[in-house]
Amino acid sequence: MSLMSDSCEFVSMPDEELVNCYRQGMQDAFAELSVRYLFVIRSRCRDLYGHGLEYDDLFQEGLLGLHSAVCSYQPEKGALFRTYAGVCIRHRLVSAVRRASSDRCLQDTVSLEEGAQDVPDPETEPESLLIAKEEAAELRRVVDRSLSKGEKQVLRLYLKGYSYDRIACELQVSRKYCDNAMQRVRRKLRTMT
């Protein structure tokens, strides 16, 4: 099997084999796993929605949990990939909700000491940063394959915090075009992953 494999080959493969393919550099293997675990991610997101994070943020965390499972799965430990992935996805989502809750609490506190040192963020450790960077790159590749040029432009500006009016002005399109593009983006991302 070549590194630039046709994704149709992956449809009939078991999950464990797809994990091996992804580890050998076949990026489409992760896309196939994302499609297979879409229901699991969505259902876990629904369970935790309303606990401090938007659904889309939870969904992205779920995808990152799946990616973490793919990267760390060890079949010799005896667990099926499906079981392991479910645990990793749930753990990632619960951690994200806890971080969001603690961030809100920390924003409401005031230091009693002048010039108090910031607590180091464990997420800035080199290994965590590298993993997060790789996961973000994979997510970008998946988005690049499924969205049109116009949808990518609208999404990019929307993620920067632009309103539909500002996006419309920036891209010289109607507000309705922006709204429709974002609806298509949401629909594609939900069906794609």
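The values are calculated or read from the model by the stated rules, or taken from the named source; none is laboratory data. Note that this is a predicted model, so its numbers are computed, not measured. Don't worry about glycine lacking a Cβ; one is built from the backbone with ideal geometry, like all the others, and counts go over all protein chains shown.
Across region 19-78, which residue is surrounded by the most Cβ atoms within 10 Å (Cβ to Cβ) among those that are of a type in the set (D, E, K, R) and under 21 Å from Asp144 (Cα atoms)?
Filtering first and then ranking leaves Glu61.
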Scan region 172-193 for residues that are of a type in the set (A, V, I, L, M) and either in contact with a strand residue (DSSP E or B) (Cβ under 7 Å, 6 or more places away or on another chain) or farther than 20 Å from Arg140 by Cβ (or both) and jot them down. Val173
Please indicate, with yes or no, whether at least one residue in region 28-38 is at pLDDT 80 or above, in contact with a Gly (Cβ under 9 Å, 6 or more places away or on another chain) and not in a helix (DSSP H, G or I). yes
Applying the selection to region 157-176, what residues are without any contact (Cβ under 8 Å) to a residue 12 or more places away in the chain and assigned to a helix (DSSP H, G or I)? Leu159, Asp165, Arg166, Ala168, Cys169, Arg175, Lys176
